[in-house]
Amino acid sequence: MKQIFACAAMVLFSLLGPLTSASGQTIDRRLRIQPIQVCSDDGTDCANTNRILFSAETTKIWAQAGVEIEMLPWEQFYGTPWLNLTTSIFDDYTIYGLAGSPGHGQNPDPTVINVWFVKSFNNGAFGHSLQTSPGIAQRNGVGIADNSFSYNNGIGRRDVLAHELGHNLGLDHTTLGAIGNTNLMVPGRQTPDSTQDIIPDGQQLDFLGDLQIAQARSTSFLIPLDARLQIQASNGCVVLSWEASGFTLESAVSSEGPWQNFPAQTSPQVVPCTNQCRLFRLKH
Ligand SMILES: [Zn+2]
């Protein structure tokens, strides 16, 4: 008699379950940011010398959309002409130029948003970014200038990164409810002096409406935090199921690997019985 030996185990890359933000929104997505410090060719002259990211502000603002912000380790890019950018798409040294071709310090993962810190934009803008539009390929690239840190007597334009990220996530200055002086996407908005006045606290600044949140969450830049791979017994075999999209089911016969894409990627699915112990994991 052939003995059926079913053995399955799972490895979750995302070990944390959903968290909850101060506004009560469940944090169930992660947005990863690649900071890139632009420097002169010889490395002696760099933008954002203090490597300010406004992490706390960006994190609090995007929490209202259920999004957690992860700042990846810094990269540097050396190129003197790129220290001072223009905002015309027809010029050579622009955020379009940095984002539009490889070799400028970008993260190889296309779901990571690249943020270049430069000294200035010719029109005095604090930031300039590519804009994702619904239905077209997602656009990835943010530029932040040094005047973002000197703004308001050195308090800084503390929501500038959160605003520019909004453009990559498909938000603009006038649609989807961008109106008034407290909405994150309105250029003339009141900016916070600290996290104390960011929604849901104090003056409730940097608000995002439901339509804006829905648009931002529809982009594939956001990674589900809770993959929840479930393995259940079924007639001596196993059924695999998971809820999150954007993950690849991988399998191996040993925890040391090699891990390979499993032939079937649908959820739920019955895994045929074999005599071999097999491990499964979801990977993004
Ligand atoms: Zn803008």
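The values are calculated or read from the model by the stated rules, or taken from the named source; none is laboratory data. Quick caveat: nothing in here was measured; it's all calculated off a predicted structure. Cβ sites come from the backbone with ideal geometry, for glycine too, and all protein chains shown count toward neighbours.
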Item to complete: For Arg189, indicate whether it is touching a strand residue (DSSP E or B) at 6+ places or on another chain (Cβ under 7 Å) and over 20 Å from Phe54 (Cβ atoms).
Response: no
Practice prompt. Would you check if there is a residue in the range 110-128 being at pLDDT below 95, more than 23 Å from Asp197 (Cβ to Cβ) and within 23 Å of the chain's Cα centre (by Cα)?
Written response: yes
Practice prompt. Starting from residues that are without any contact (Cβ under 8 Å) to a residue 60 or more places away in the chain and part of a strand (DSSP E or B), keep the ones in the range 95-121 and report whichever is farthest from Trp74 (Cα to Cα).
Written response: Phe121
Worksheet, complete the sentence: Pairing a residue in the range 156-185 that is of a type in the set (Val, Ile, Thr) with any residue that is within 12 Å of the ligand (Cβ to nearest atom) and in a loop (DSSP other than H, G, I, E, B), where Cβ atoms lie under 8 Å and the two sit 6 or more apart in sequence or on different chains, gives Val160/Phe126; Ile179/Val186; Thr182/Arg189
Worksheet item: Restricting the search to the range 220-259, which residues are among the aromatic types (Phe, Trp, Tyr) and under 23 Å from the mean Cα position of the chain (by Cα)?
Response: Phe221, Trp242, Phe247
Discussion item. Given the criterion at pLDDT 95 or above, surrounded by 13 or more Cβ atoms within 10 Å (Cβ to Cβ), out of contact with any strand residue (DSSP E or B) (no Cβ under 7 Å at 6 or more places or on another chain) and within 22 Å of Ile95 (Cβ to Cβ), identify the matching residue among Leu184, Leu171, Leu211.
Written reply: Leu171
